[in-house]
Each structure stands twice: as structure tokens, then as C-alpha cells.
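So the structure is just underneath, and the comments pick up after that.
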Amino acid sequence: MTSNVLDWLARKTTSGSRSIRGDVSRLKELSVRFPPPLDQRALTALESTEETATDVERVVAFVADHYGISIAQMKRRDRIRRFLQPRQVAMYLARALTPLSYPEIGRTFGGYDHTTVLHACRRVEERRDEDWAFAHELEELKQRLG
């Protein structure tokens, strides 16, 4: 590793070994996309993916607050309607407002498959097209998030 990568890693890592392992894993992924030695372009790409993840977490927190549920309830792997609809809305908004793919969004929601995210987006779109009040609510959420 070059000194700029080690400097970045030292600045970035503030907590325990899980955080370090995650950062090293992301560096390994970047080393495939960018030829060694990892340079500033790679580190910029790494930080931009972190910002996108933060954006998704912001969407999740915002939608959870809007529907009066916790983030943990939003990410639960069950089909309770009270949590299912907000989760679908959050997945839809994450797809609309971030550059993340369906699999990436699924991972941020606790390991959902890309087909689950795709299904959620389609369900929200169907309801939006049929329910004027829901369409208005979605547009308001988008504006407040964007």
C-alpha cells in the first residue's frame, strides 16, 4: 500500500476491527477497478460510495420518521404491512434519489435480493399511478429529501 492509502485508512478508521476490515475490503474491491498503486482517484471513488451509502441511510431514517417507525423496524425481514409499505417507499426513493443499483439498495436494507427491491419499486409505482394522495405524498417526500 502506498503512503496516501495508509494515511487515508488511518484517518478514516476510528472504531474497532470490524471497521478496519470493512475499509480494507473496500480497498481490495477498488484495487480491481484501479490498477496499483491505488491513487487519489481510487480514494475519491471510495469516499463517493460512502457518501452514497450515507444518502441511502438518510432516506431510510427520513422515511422511517415520516411513517413513525424505527430504522430497525424498517429493515426487519418480515411482511408486516405497517413496516412493509414504508420499506417499499424507502427502497423506491433510494432508487430514485441515489445512483445505487437494486442489489446495492437491497444490501443496505439488510440483505434483500435485487428482485425484492425491483418488486418494491414496481409496487410503489403502481400505487402512485392509482392513488393521487399517495402520488402527492411521494412527491413531497422526494422534494424534502432532494
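What follows is calculated from the coordinates using simple rules that are stated; it is not laboratory data. Quick caveat: nothing in here was measured; it's all calculated off a predicted structure. Note that each Cβ is placed from the backbone with ideal geometry, even for glycine, and that neighbours are counted across all protein chains shown.
Among residues other than Tyr67 with Cβ under 11 Å from its Cβ, the summed charge is 0 (Lys and Arg +1, Asp and Glu -1). The Rg/Rh ratio of segment 50-145, with Rg taken over Cα atoms and Rh as the Kirkwood radius over Cα pairs, comes to 0.92. One decimal place: the segment Glu57-Leu97 gains 13.2 nm when fully extended, by the rule 0.36 nm per residue minus the C-alpha distance.
Using 0.36 nm per residue and subtracting the Cα-Cα separation, the extra length available between Glu130 and Thr115 on full extension is 3.1 nm.
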